[in-house]
Structures are given as C-alpha cells and as structure tokens.
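For reference, the structure discussed in these notes is given below.
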Amino acid sequence: DSMIDRLEHSFEQQRRFVQDASHELRTPLAAIRTNIEVAEMDGEISPDEYRQLVETIKSQTARLTRLSEDLLLLSANEEGGERELEPVPLVALAQEVAAQLGPLARARNVAIRVEGDARLEAEAEPDGLFRCVFNLVDNAIKYSGDGRLVTIRAAREATEAKVSVIDNGPGIPEEEQAHVFERFFRVDKGRSRQEGGTGLGLAIVRELVGNMGGTVSIASKPGEGSTFSIGLAAAPDAPERTATFAGRQATA
Ligand code: ADP
C-alpha cells in the first residue's frame, strides 16, 4: 500500500509540474503573439512603438530560452544515479562565479566578497557545483539591490566543506523558507518576473547538490538578509598552490 501511495504521490507531483511548466510557457508565448499582432497593424504605429514591440518580443524569447534550458537541466538531473565526483577548490570556484557575475553586480551597485581558505576542496561535480553557486549569487544580487554586499564564504565544518552565499537583502519570511526550493515557487511573483526569473533556480540547486550527496540549507531573517549554504563532503586539503577554476560557462 505504501508503495502505491508513493507512486500516486509521484504521479500527482509530475502532473502538477507539467501543469505549472505549461502555464509558465504560456505567458511569454502569449506576450510574443500579442506584440506581433500589434506590429502587423500596418501604418498605425510609430517607429518608436515598433521598436518597443520588438524589444518585448526579444526579452520574452530570452525568457523562453532560459525556461527551456532550466527545464532540460532539471529533467536531465532527475534521473539521479551516481555522479563522478572530484575535489573542487571552493575559493577558486567562488572567484570565478564572482568574476562572471561582476557586470550584473556592478549594474546593481552590489559588492561581491569572497572569503575562505584557498586549500579547501569539496567532493563535487565541478560544472554542477559552479551552476549552483552561480544561481545563489545571482539571486543574492538580484533580490538584494542597491548598495548591498554579497559574501561567498568557503569553510570547513567537521568533515564537511561548506560554501555559503550571504546577503544583507530583504530576507525571506519564515513561512516561505521551506518552499523556496520548490519548482516555480516565488516569494514575490512580480519581482521574480521583472528580474527574468524562471522560478527554477533554487530547485536546480537542490537537485544538483542532492545528486552530489550534499545538502542545501537556508537561514534568513526578514529585513536582515539571507544565507544559503551548500554542504558537501570535504576532500583532503589540497597542498598550498593556486587552484584555478577558469573557463567554466554558466548560462545566465
Ligand atoms: P527565481 O527565478 O524566481 O529567482 P529561484 O528558485 O531562484 O527562482 O528563487 C525562488 C524565490 O526565492 C525567488 O522568486 C525569491 O522570491 C526568493 N529568493 C531567492 N533567493 C533570495 C534572496 N537571496 N533573497 C530574497 N529572496 C530570495
């Protein structure tokens, strides 16, 4: 009976997911269609209005691209299974994330700081972990805003290597904290949309980290900020050397 219950629960979840995903796809598609229809109304719109329509079509298309990439990433990782893990230098990874998100941070007047022992390495899948830290820092920048500081901290805790992303932004109400890792859950829908969010960033983090045998947690206080932490098995400390983590690509 409990197996049937589990199967039913999993079918129900799958059904909900397909429903939510279709809904998310429909919104930008409808916007694109409306804008094309308006653009087709010959002679009735100015060149400026025309440009505006094209801009909207472009941004909605970008949104669809992000959505389909995130959906693909999630379904590719859903299969689970053993992942090839290797020692990943956390400070070097954090520095690369900070470098790639530098332009966004500067545009939002947010400073990024990286802290920790450069020798600390986690047993992880490098591209997957990069993507996770990237998503967390991307959120911290987007939701914190003007004049804030985002800290990426790597620290050893007993047998764990932890990488935390700390912001002093608006924080997340306690009753919402348990839900932020769910697919398509947003605390503030309008804000997420305006930022071009897919609502899948944290679900991807949970999925990828879980596949590496790690955990992700949140600590947050409204008005004070949020800390998202990824805990993985620590690799034996690397010898003193300059670890590098270059050339990774994240699809932002
Ligand atoms: P989204 O694409 O909406 O950013 P995520 O899964 O990355 O989707 O995040 C889910 C929701 O959690 C966001 O919509 C936002 O409301 C909230 N959130 C995530 N990170 C932060 C943060 N650092 N500070 C405040 N709220 C956050």
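Applying the set (1) open to solvent by less than 80 Å² (accessible area, probe 1.4 Å); (2) under 30 Å from residue 166 (Cα atoms); (3) part of a helix (DSSP H, G or I) to residue 95 leaves exactly one unmet item: (1). Taking the criterion of being more than 9 Å from the ligand (Cβ to nearest atom), of a type in the set (Val, Ile, Thr) and open to solvent by less than 20 Å² (accessible area, probe 1.4 Å), would at least one residue in region 147-159 satisfy it? Looking through region 147-159, at least one residue is more than 9 Å from the ligand (Cβ to nearest atom), of a type in the set (Val, Ile, Thr) and open to solvent by less than 20 Å² (accessible area, probe 1.4 Å).
Annotation note: Cβ proximity below 7 Å between a residue of region 182-209 that is without any contact (Cβ under 8 Å) to a residue 60 or more places away in the chain and a residue that is aliphatic (A, V, I, L, M) and more than 8 Å from the ligand (Cβ to nearest atom) (sequence gap 6+ or interchain) occurs for 206/216.
The residue of region 173-192 that is least open to solvent (accessible area, probe 1.4 Å), among those that are near the ligand (Cβ under 8 Å from one of its atoms) and assigned to a helix (DSSP H, G or I), is 192.
Report whether or not residue 230 is within 16 Å of residue 124 (Cβ to Cβ), in contact with a helix residue (DSSP H, G or I) (Cβ under 7 Å, 6 or more places away or on another chain) and not in a loop (DSSP other than H, G, I, E, B). Considered against the rule, which asks whether it is within 16 Å of residue 124 (Cβ to Cβ), in contact with a helix residue (DSSP H, G or I) (Cβ under 7 Å, 6 or more places away or on another chain) and not in a loop (DSSP other than H, G, I, E, B), residue 230 comes out as yes. Scan region 197-206 for residues that are more than 8 Å from the ligand (Cβ to nearest atom) and at pLDDT below 95 and the total you get is 0. Here residue 113 meets each of (1) closer than 24 Å to residue 198 by Cα; (2) open to solvent by 20 Å² or more (accessible area, probe 1.4 Å); (3) touching a Ser or Thr at 6+ places or on another chain (Cβ under 9 Å) with one exception, condition (1). Here is a check on your reading of the model: is residue 19 open to solvent by less than 70 Å² (accessible area, probe 1.4 Å) and under 19 Å from residue 189 (Cα atoms)? No.
Within region 116-145, restricting attention to residues that are acidic (Asp, Glu) and part of a helix (DSSP H, G or I), which residue is least open to solvent (accessible area, probe 1.4 Å)? It comes out as 138.
The values are calculated or read from the model by the stated rules, or taken from the named source; none is laboratory data. Since this is a predicted model, take the numbers as computed values, not measurements. Please note: Cβ atoms are built from the backbone with ideal geometry, for glycine as well, and neighbour counts cover all protein chains shown. Protein only, heavy atoms only, side chains kept; ligands, DNA and RNA dropped before computing areas. Shrake-Rupley method; radii C 1.70, N 1.55, O 1.52, S 1.80 Å.
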